[in-house]
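Asks: Please find one structure pasted underneath; my questions will follow.
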Amino acid sequence: MNATNAKTTWRRDMRKMRDQEGPVSDPPQLHALTDSSIWINAEIVASYCPTGSEQTPSHIEAAALRLGKTVVYPRVLGAGKMVFKAPVPRDTFEVGHYGIAEPPATAKTLDISAIDLFLIPLLACDQCGTRLGYGGGYYDRLLEAASGFRCGLGFDFQKVTDLPREQHDVRMQGFLSESGFEIF
């Protein structure tokens, strides 16, 4: 089975598992991340608005804001194209592509190189940092040009031994779950 077909099977199975297991799982260990130099040195944190059974970054965002960090969110521009927008009030967010809340188009687009830490949703992540996303390549394309730390955010059961990988897949540098924060 080639990598593309294998990823399709993984996506189906991991989405089903997350839908069953995620709602009964604990939130990520905040202190495991906030005690790290990655967090301490981050001024701009890229987050996301969770959808479905994704792990929620809300308490991480709250901690960032309490410390005066800037929290930014993605906006999908079209097929495979995503940017991060400068902070705007959450009540101005719009329902965008795939039914996900995102900043309005009028919000200022942030230079990707300004982001220090990316919190990234996923279906699975392996011990080498290979991330299984949803198949659109939005994060892979965006992260190619990013220098900030790439942290997958998920549940313990989403950390697997090995995932199929294709040349365009951008690896995560860390994984945060209810068990802690792991750097690859």
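Asks: Out of everything in region 52-79 that is touching a strand residue (DSSP E or B) at 6+ places or on another chain (Cβ under 8 Å) and of a type in the set (Val, Ile, Thr), what residue ends up being farthest from Leu110 (Cα to Cα)?
Replies: Looking at residues that are touching a strand residue (DSSP E or B) at 6+ places or on another chain (Cβ under 8 Å) and of a type in the set (Val, Ile, Thr), I get Ile60.
Asks: Can you find a residue that is more than 16 Å from the chain's Cα centre (by Cα) and buried (at least 21 other Cβ atoms within 10 Å of the Cβ) anywhere in region 142-158?
Replies: No, there is no match, as no residue in region 142-158 is more than 16 Å from the chain's Cα centre (by Cα) and buried (at least 21 other Cβ atoms within 10 Å of the Cβ).
Asks: Across region 130-139, what is the number of residues that are buried (at least 16 other Cβ atoms within 10 Å of the Cβ) and farther than 17 Å from Pro28 by Cβ?
Replies: 6
Asks: From Asp13, Asp35, Asp26, grab the single residue that is out of contact with any strand residue (DSSP E or B) (no Cβ under 7 Å at 6 or more places or on another chain), among the acidic types (Asp, Glu) and farther than 30 Å from Pro89 by Cα.
Replies: Asp13
Asks: Given the conditions (1) under 21 Å from Arg165 (Cα atoms); (2) assigned to a loop (DSSP other than H, G, I, E, B), which single one is not true for Cys125?
Replies: Among (1) under 21 Å from Arg165 (Cα atoms); (2) assigned to a loop (DSSP other than H, G, I, E, B), the lone unmet condition for Cys125 is (2).
Here is a yes/no grid of residues against (1) under 19 Å from Ser177 (Cβ atoms); (2) surrounded by fewer than 17 Cβ atoms within 10 Å (Cβ to Cβ); (3) free of Cβ contacts under 8 Å to residues at least 24 places away in the same chain:
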residue	(1), (2), (3)
Gln20	yes, yes, yes
Glu43	no, yes, no
Gly52	yes, yes, no
Leu65	no, yes, yes
Thr70	no, no, no
Lys81	no, yes, no
Thr92	no, yes, yes
Lys108	no, yes, yes
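Asks: With respect to the numbered conditions (1) in contact (Cβ under 8 Å) with a residue 60 or more places away in the chain; (2) surrounded by fewer than 20 Cβ atoms within 10 Å (Cβ to Cβ); (3) of a type outside the set (Ser, Thr, Tyr); (4) not in a loop (DSSP other than H, G, I, E, B), which one is the sole condition not fulfilled by Leu176?
Replies: (2)
Asks: Find all pairs meeting these conditions: Cβ atoms under 7 angstrom apart; at least six residues apart or on different chains; first residue within region 132-158 and touching a residue at least 12 places away in the same chain (Cβ under 8 Å); second residue part of a loop (DSSP other than H, G, I, E, B) and among the acidic types (Asp, Glu).
Replies: Asp140/Asp169; Gly148/Asp116; Phe149/Asp116; Phe155/Glu178; Asp156/Glu178
Laboratory data are not the source of any read-out in this text; all were calculated from the coordinates shown. Small disclaimer: the values here were computed from a predicted structure and weren't measured. So basically every Cβ, Gly included, is an ideal-geometry build from the backbone, and we count neighbours across all protein chains shown.
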